[in-house]
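K.L.:
This is the structure, below, for whatever I ask next.
The values are calculated or read from the model by the stated rules, or taken from the named source; none is laboratory data. Note that the coordinates shown come from a computational prediction; the quantities given were computed from them, not determined experimentally. Please note: Cβ atoms are built from the backbone with ideal geometry, for glycine as well, and neighbour counts cover all protein chains shown. Accessible surface is based on the protein model in full, side chains and every heavy atom, while ligands, DNA and RNA are left aside. Shrake-Rupley method; radii C 1.70, N 1.55, O 1.52, S 1.80 Å.
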Amino acid sequence: RGALMITTWLFIFGGLVQALAPSLNIVIVGRAIIGVASGASTVLVPIYLGELAPPNLRGVLGTMTQFALVIGILVADLVGFVLANPTGWRYMFFLTSAMAFFQLLLTPFLLESPRWLLGRNANSNKARFIIKKLRGFRYDEEVETEVEHYLGASKSQSCNDSNDNSGGSSAKNPMLEMFQDKKVRLLVISTLVLQVANQFSGINAVFYYSGLFFDGVIENPLVGTTLMGAINVLATYVALLLMDKCGRRTLIMWSSAGMFVSCIVIVIALNGYFSDMVALGAVASYVCFFEIGLGPIPVSRLSSLTI
């Protein structure tokens, strides 16, 4: 919760820097601040949700992070129709601070992570109160059962046992410990690979240069970009429905295969072998396949690994 508060203040500050910037260099500085806040939020939010959510809803809530993100992208595209001009761009940047300030007003309703509280003090009464409130428990026995679940999960994922067996060294690098411990090594590697695949899949290039795909096909390329944003939202909603019905491995495999084929069609079309409409269809297909697997699953897996 405290880390989320810090990112909220970074959003407010970065938005104001961009909105009041006297030069392009200051805009770049503000954009860098926003980038740090965005990156931190992308990691913190799914972890926070994973530590609050019950096990049966953890996958869905993890996907909701991606769903909220793509809705934000679509809203930003729609705002661009009104404010992306020489007179309105400062107001567009100011919206970042306004939304972050609204989030700041809602922070009193954010509960602290019970797992974080229990990690600092296994006898924390505050953690027990939050668990009781979140789960709707009526009896203390139910709360203690959930507390044992949290503590047991934390112990099973801890690397301390292996450290004690190897001589009790406590000065090791935590990242190195995770790779050396056989209990968590595969989880760490799979999470890293999925996150790298998410970023290196090319989805950012597709969105950043989507205007080029629509140039000459649609009169206003911004309309095409917004259309892709809408497809993005719909595909993520489908992923939300499929997340707990289909296996995550199955979704990842279908997503990767579909993106691979779509990329081949895009490249061939851009070289003039297919029409521009085929290229647009391939871009839409690429976005859809990304959002049913490689987009939301790394985020949901990050939240699932927290407990």
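K.L.:
Of the residues that sit in region 98-129 and are among the charged types (D, E, K, R) and assigned to a helix (DSSP H, G or I), which one is surrounded by the most Cβ atoms within 10 Å (Cβ to Cβ)?
P.N.:
Narrowing region 98-129 to residues among the charged types (D, E, K, R): 112, 115, 120, 126, 128.
From what's left, assigned to a helix (DSSP H, G or I): 115, 120, 126, 128.
Numbers: ARG115: 22, ARG120: 9, LYS126: 13, ARG128: 19.
Looking at residues that are among the charged types (D, E, K, R) and assigned to a helix (DSSP H, G or I), I get ARG115.
K.L.:
Please determine whether any residue of region 232-244 is outside any helix (DSSP H, G or I) and buried (at least 18 other Cβ atoms within 10 Å of the Cβ).
P.N.:
First, the residues of region 232-244 that are outside any helix (DSSP H, G or I): 243-244.
If we keep only those that are buried (at least 18 other Cβ atoms within 10 Å of the Cβ) too, we end up with 243.
Looking for residues that are outside any helix (DSSP H, G or I) and buried (at least 18 other Cβ atoms within 10 Å of the Cβ), one finds at least one in region 232-244, hence yes.
K.L.:
Oh, and also: For region 226-241, indicate whether the set of residues that are more than 18 Å from LEU78 (Cβ to Cβ) and without any contact (Cβ under 8 Å) to a residue 24 or more places away in the chain is non-empty.
P.N.:
yes
K.L.:
If LEU57 satisfies every condition in (1) of a type in the set (A, V, I, L, M); (2) open to solvent by 60 Å² or more (accessible area, probe 1.4 Å); (3) over 21 Å from LEU194 (Cβ atoms) but one, which is the exception?
P.N.:
Of everything listed in (1) of a type in the set (A, V, I, L, M); (2) open to solvent by 60 Å² or more (accessible area, probe 1.4 Å); (3) over 21 Å from LEU194 (Cβ atoms), LEU57 misses just condition (3).
K.L.:
Quickly run through region 130-146 and pick out the residues that are open to solvent by less than 40 Å² (accessible area, probe 1.4 Å) and of a type in the set (A, V, I, L, M).
P.N.:
Quick first cut of region 130-146, residues open to solvent by less than 40 Å² (accessible area, probe 1.4 Å) only: 130-131, 143, 146.
Result: ILE130, ILE131, VAL143.
K.L.:
With the condition kept exactly as written, say whether any residue in region 250-263 is open to solvent by less than 50 Å² (accessible area, probe 1.4 Å) and not in a helix (DSSP H, G or I).
P.N.:
Within region 250-263, not a single residue is open to solvent by less than 50 Å² (accessible area, probe 1.4 Å) and not in a helix (DSSP H, G or I).
Each row is one residue, and each column tells you yes or no for (1) touching a His at 6+ places or on another chain (Cβ under 8 Å); (2) in a helix (DSSP H, G or I); (3) open to solvent by 30 Å² or more (accessible area, probe 1.4 Å).
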{"site": "GLN18", "(1), (2), (3)": "no, yes, no"}
{"site": "PRO22", "(1), (2), (3)": "no, no, yes"}
{"site": "VAL27", "(1), (2), (3)": "no, yes, no"}
{"site": "SER38", "(1), (2), (3)": "no, yes, yes"}
{"site": "VAL70", "(1), (2), (3)": "no, yes, no"}
{"site": "ILE73", "(1), (2), (3)": "no, yes, yes"}
{"site": "GLY80", "(1), (2), (3)": "no, yes, no"}
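K.L.:
Here's another thing I want to ask about it. Search region 148-179 for residues being over 27 Å from the mean Cα position of the chain (by Cα) and in a helix (DSSP H, G or I), and hand back the single one that is modelled with the highest pLDDT.
P.N.:
GLU148
K.L.:
Could I ask something else about it? Any idea which residue in region 86-97 is nearest to PRO46 (Cα to Cα), counting only those that are in contact with a helix residue (DSSP H, G or I) (Cβ under 9 Å, 6 or more places away or on another chain) and open to solvent by 40 Å² or more (accessible area, probe 1.4 Å)? Walk me through it before giving the result.
P.N.:
Within region 86-97, the first condition is being in contact with a helix residue (DSSP H, G or I) (Cβ under 9 Å, 6 or more places away or on another chain), and the residues that meet it are 88-97.
So of that shortlist, the ones also open to solvent by 40 Å² or more (accessible area, probe 1.4 Å) come out as 89-96.
On the way: TRP89: 31, ARG90: 31, TYR91: 30, MET92: 27, PHE93: 26, PHE94: 26, LEU95: 24, THR96: 21 Å.
Among those that are in contact with a helix residue (DSSP H, G or I) (Cβ under 9 Å, 6 or more places away or on another chain) and open to solvent by 40 Å² or more (accessible area, probe 1.4 Å), it is THR96.
K.L.:
Based on this model, can you work out whether ALA32 counts as open to solvent by 40 Å² or more (accessible area, probe 1.4 Å), modelled with pLDDT of 90 or more and either over 15 Å from the mean Cα position of the chain (by Cα) or not β-branched (Val, Ile, Thr) (or both)? Spell out how you get there, then give the answer.
P.N.:
Values: open to solvent by 40 Å² or more (accessible area, probe 1.4 Å): yes; modelled with pLDDT of 90 or more: yes; either over 15 Å from the mean Cα position of the chain (by Cα) or not β-branched (Val, Ile, Thr) (or both): yes.
Spelling it out, ALA32 is indeed open to solvent by 40 Å² or more (accessible area, probe 1.4 Å), modelled with pLDDT of 90 or more and either over 15 Å from the mean Cα position of the chain (by Cα) or not β-branched (Val, Ile, Thr) (or both).
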